[in-house]
1. Using Cα centres only, tell me the gap between the range A:134-178 and the range A:346-422 in whole Å.
2. How big is the antiparallel share of DSSP beta bridges in the protein assembly as shown, given as a percent to the nearest 5?
3. What is the distance in Å between the Cα centres of the range A:221-248 and the range B:48-86?
4. Along each of the three principal axes of the Cα atoms of the range B:7-66, give the extent in whole Å, ordering the values from largest to smallest.
5. Along the charge dipole of the protein assembly as shown, which of A:Ser14, B:Pro43, A:Ala421 sits closest to the positive end, that is, farthest toward it, with unit charges on the beta carbon of Lys, Arg, Asp and Glu (+1, +1, -1, -1)?
6. Using +1 at the Cβ of each Lys and Arg and -1 at the Cβ of each Asp and Glu in the protein assembly as shown, identify which of A:Gln37, A:Ala81, A:Ala109 lies farthest towards the dipole's positive end.
7. What FRET efficiency do you get for B:Ala18 and A:Arg34 if R0 is 22 Å and r is their Cβ-Cβ distance, rounded to the nearest 0.05?
8. What are the ³J(HN,Hα) couplings of the range A:185-201, residue after residue, when phi is run through the Karplus curve with 6.51, -1.76, 1.60 and θ = phi - 60°? Round to Hz, x for glycine and proline.
Amino acid sequence: MEKLLLRSIDVPGSHTLAVYRSRGGYRSWEKVVRDMQPAQVIDEVKASGLRGRGGAGFPTGMKWSFVPRESPKPKYLVCNADESEPGTFKDRLLIEKDPHAVIEGTLIAAFAIQSQTAFIYIRGEMVFGTRQLERAVEEAYQAGYIGKGILGTGYNLDVIVHRGAGAYICGEETALLSSLEGGRGWPKVKPPFPATHGLFGCPTVVNNVETLAALPWIIERGAAAYAAIGTEKSKGTKLFSVSGHIARPGVYELEMGYPFTRFLEDDCGGVPDGKKLKGVIPGGGSMPVLRADELEGVNLDYESVQAAGSLLGSGGVIVMDDTTCMVRAAWNIARFYAHESCGQCSPCREGCHWMEKVFHRIEQGEGQTGDLELILNVSGNIMGNTICPFGDAAAMPAAAFIRKYRREFEEHIAQKKCTVAG
Amino acid sequence: MALEFSPETYKKFEETVARYPRKEAAMLPVLYLAQQEFGCLGPEAIEYVAKLMGQSPAQVYGVVKFYTMYTMKPIGRHHIQVCRTLPCALRGAEKVTSFLKKSLGVECGQTTPDGRFTLSEVECLASCGTAPMMQVNDDYYENLTEERLTEILQQLE
């Protein structure tokens, strides 16, 4: 399979403008800014079938088209580089090894929505990535790809690299905007959506790093070429971050629709040390776990994983072998959400801490009768009752771990200890 | 003695604010400048930033408390932050933390008496493929083993 997103990451100096340009970089941007209209760029990306790669999978061209063209307010494009979903590390790879692809994609998206100010919001912990981006942005300014009167046109665009300060919730677009406005990363009720009421109340589009990095290729080869890859509803390629009990962890680029089991066993080397696969989380820590026996016939695309009872999400594949205590795994994820809850919504703020507490007491051998029903009840009361999807992200995995490994949880409670890992 | 930026840092503050369409958007980078300058963001630093940004100290305090990377108290020269989220946990993160607790003689959240190290556990750092791992100040240390940890600790003055 021809690599689109990962085509340059092993090339020495791939992060530099010189190498990027020598491999055809910024030709798409030149074509867009000199020869295309914003509406054409939107149509092209719509036709490609590109869907947001942060986790929600919303059609990118459609999202852009919600920006009111005639609005007199300034429009903002934000690259969401706040990668924090457990098990996900693909954006970091692009940022560190191919920052110019991320920048070129940011410019193309900004042009499509007629923005003159683009932000790259990068999580505070990624200091090296921030420096890579800052250097690359500076190179791009020097070369005239960003700034005033770009490449002899009348188009002006500034790019600001902005560091977060440690908060998973800031990956949620409205929380990101609250943070970018200088406040706590508090999500906002939708509607209205950022496309009409975003940063400072102005039309704003937030796109994930991987989504943006796909744009130069789409402009260069055309929408039809992108749409020829993948499945009917999941076009193109996707980056999968593989971690946990697997022989070859790392970032892989696959055509959408690639068979899940073949991916794990062949491409990733399978579960090492003679252990057996017990479960896999397919799309990052917020997605329901799939038992090993549930993977038959599942393909890595949005529709197939959804039909199997989970979601593709960020493509963060977390592999667990048969030494894994699922009670401990469930507690670990519950603890993550309890820590990261922004606190605005009572069901989430209180519920996440309750789920962590109850999972923890089960894990410690102090589980009580009715604890599993309690967690399921709390989970059910969080879902759909919050300002943002964080609540669902915390609730879904908790319920899934219990549902998929019910007997193990019951034994752990009855025996007052782990019956798997010991 | 009131806290304030040195002339060089004040200049950086002005340049930072100038980059943004609205002043308030510069809050996070300005807090980083203040933390760098003053060592931590205690009540005095918060009052100073509030004055610079034209906001209430309560507002600034709310921002400081929200984000994990701002600290209100002084910490050690090297802030060791071990990732504890599931993918790292599956690959031995807990052993890393235990080893560090023993080597440094501190619990999580504490600083060594000589002010050299502070030990913390943090959530996913987007380095799951090279687990277990940790962040020390600005740097990631990946694929950790006890040997590597011993080496790293020795190198960090």
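1. Answer, in whole Å: 41.
2. Approximately 45 percent, going by the DSSP bridge assignments.
3. 38 Å
4. Result for the range B:7-66: principal-axis Cα extents of 25, 22, 18 Å.
5. Result: B:Pro43, furthest along the dipole toward the positive end.
6. Checking the options against the dipole of the protein assembly as shown, the answer is A:Gln37.
7. About 0.15, to the nearest 0.05.
8. Coupling constants for the range A:185-201: x, 9, x, 10, 5, 10, x, x, 8, x, 4, 9, 9, x, 4, 6, x Hz.
No lab work stands behind these numbers, since they all come straight from the coordinates. As the structure is a computational prediction, the values presented were derived from the model and not from experiment. Methodologically, a virtual Cβ is constructed for each residue, glycine included, from the backbone with ideal geometry; neighbour enumeration extends over all protein chains shown.
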